[in-house]
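The values are calculated or read from the model by the stated rules, or taken from the named source; none is laboratory data. Since this is a predicted model, take the numbers as computed values, not measurements. A quick note on method: Cβ atoms are made from the backbone with ideal geometry, for glycine too, and the neighbour counts reach across all protein chains shown.
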Amino acid sequence: MASDNEWIHESPEITELKRKALRVAKSKVPVLLTGENGTGKEVLAHFIHNNSASKEIIDKKPFIIVNCGAIPEDLIESELFGYEKGAFTGADHTKEGAFEMANGGTLFLDEIGELSLNAQVKLLRAVEYQSFRRLGGKEEIKVDVRIISATNVILHDAIKSGDFRQDLFYRLNVIELYIPALRHRKDEIPLLTEHFLKVFSEKYNIGKLYIEEDCLTCFKKYNWPGNVRELKNIIERCVVLSKDGVIDRDVLPSQIATEDCMNTQHIKSGSRPSGKKFLEIEIGTPFDEIEKKVIQQTLSSCNNNKSEAANILGVSRKTLHNKLHKYESTPDNGN
Ligand SMILES: Nc1ncnc2c1ncn2[C@@H]1O[C@H](COP(=O)(O)OP(=O)(O)O)[C@@H](O)[C@H]1O
Ligand SMILES: [Mg+2]
């Protein structure tokens, strides 16, 4: 059976990353996982947890996930630290938070860059002292929790703009493990494709599947802004749409099955690789203008989808929004 939680890799960068992850797994130091959305940060967090002790021990240890970006600001503290009965209107029973649930195991704080400044202060204290109080509680609760956090944005920018506390950053980032984007390790695409084909042919009970060579060529040419998650979703789609066990170009979505990619024989050597867009910038252009151009072109290349553009550029949606706002108030010089 192909497992859906396996960490599949073969590129030298990821093999080295795995070695490093195995070394840090045995210690309790906080680890910060960085990389774009869909690169496999959650897979890596599970890998670290699973390798932190022997199988018999780890099976009994909790792995708790808190997605800081998905929980409203006013609920995040109760999610992390729990609350006492009567702490606020509607608190009709005492509830454990994620820190307590993760006691003895791992707490995975996903999208840490989205955490409010208020919650950051409390988190810093809890991580530093491994102790906290439930909301409305007087008793100090001690825990033994391994913290793994993850972010798809560059936290240095958030620190500069005052959205992320520097002290918390240093506390969480004792070890940083960076997962490169899929477009920078395209040599892994065939292996990942093969793995996901197995996963989905088992899921949909389809039997053996064959993928035509030109589909793989298209996969290698495409830029994968959504990284491995996007590849996985597209393979699921291909498997569902496949006829007689064959995946051909007809089942590929249009953004992947481009003319450009089908007519590979027409690409002359020495020309720029197709599928990629370039921006020409005159020497002497001020940084601000370069930044503006890069942002505008990235936005237009992803149909003005701000989340996708922010992801590609490695900044938070908030940072992108602020920069766009800044440009709106500066006149365009027509370039
Ligand atoms: N190297 C990999 N091997 C197998 N599956 C992977 C790999 N990287 C990512 N995935 C799959 O892609 C999806 C996105 O991965 P995830 O860890 O959630 O990414 P992130 O947390 O960085 O957004 C998940 O379904 C995961 O199982
Ligand atoms: Mg994730």
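Remark: pairs (first residue in segment 205-231, assigned by TED's automatic domain parsing to the domain that holds Ser254 and of a type in the set (S, T, N, Q); second residue in a loop (DSSP other than H, G, I, E, B) and away from ligand 2 (no atom under 16 Å from the Cβ); Cβ separation under 8 Å; 6+ apart in sequence or on different chains) = Asn223/Gly275; Asn223/Lys276. Here the condition is being in contact with a strand residue (DSSP E or B) (Cβ under 8 Å, 6 or more places away or on another chain) and of a type in the set (A, V, I, L, M, F, W, C); of Phe132, Phe164, it holds for Phe132 alone. Listed by position, the helices (runs of 4 or more DSSP H) inside segment 100-195 whose residues that are more than 16 Å from ligand 2 (Cβ to nearest atom) and within 25 Å of Ala87 (Cα to Cα) number at least 2 are 117-129.
Let's see how each residue does on (1) surrounded by 21 or more Cβ atoms within 10 Å (Cβ to Cβ); (2) among the hydroxyl-bearing types (Ser, Thr, Tyr); (3) within 15 Å of ligand 1 (Cβ to nearest atom); (4) at pLDDT below 95:
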| position | (1), (2), (3), (4) |
| --- | --- |
| Ser149 | yes, yes, yes, no |
| His156 | no, no, no, yes |
| Phe169 | no, no, no, no |
| Val174 | no, no, no, no |
| Asn205 | no, no, no, yes |
| Leu209 | no, no, no, yes |
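The single condition among (1) out of contact with any Phe, Trp or Tyr (no Cβ under 9 Å at 6 or more places or on another chain); (2) under 30 Å from Asn152 (Cα atoms); (3) modelled with pLDDT of 90 or more that Gln255 does not satisfy is (1). In segment 280-311, the residue that is nearest to Glu111 (Cα to Cα) out of those that are in contact (Cβ under 8 Å) with a residue 40 or more places away in the chain and within 20 Å of the chain's Cα centre (by Cα) is Asn311. Considered as a group, the residues in segment 1-45 that are part of a strand (DSSP E or B) and either over 14 Å from the mean Cα position of the chain (by Cα) or β-branched (Val, Ile, Thr) (or both) include one that is farthest from ligand 1 (Cβ to nearest atom), and that residue is Val31.
Applying the set (1) in the same structural domain as Leu22 (by TED's automatic domain parsing); (2) under 19 Å from Thr39 (Cα atoms) to Arg171 leaves exactly one unmet item: (2). Of all the criteria given as (1) at pLDDT below 95; (2) away from ligand 1 (no atom under 16 Å from the Cβ); (3) surrounded by 20 or more Cβ atoms within 10 Å (Cβ to Cβ), the one not satisfied by Asn118 is (3).
Please find, among Gly86, Gly38, the residue that is more than 29 Å from Leu135 (Cβ to Cβ) and either touching a residue at least 40 places away in the same chain (Cβ under 8 Å) or not assigned by TED's automatic domain parsing to the domain that holds Gly136 (or both).
On the way: Gly86 fails: more than 29 Å from Leu135 (Cβ to Cβ).
After ruling out the rest, the residue left standing is Gly38.
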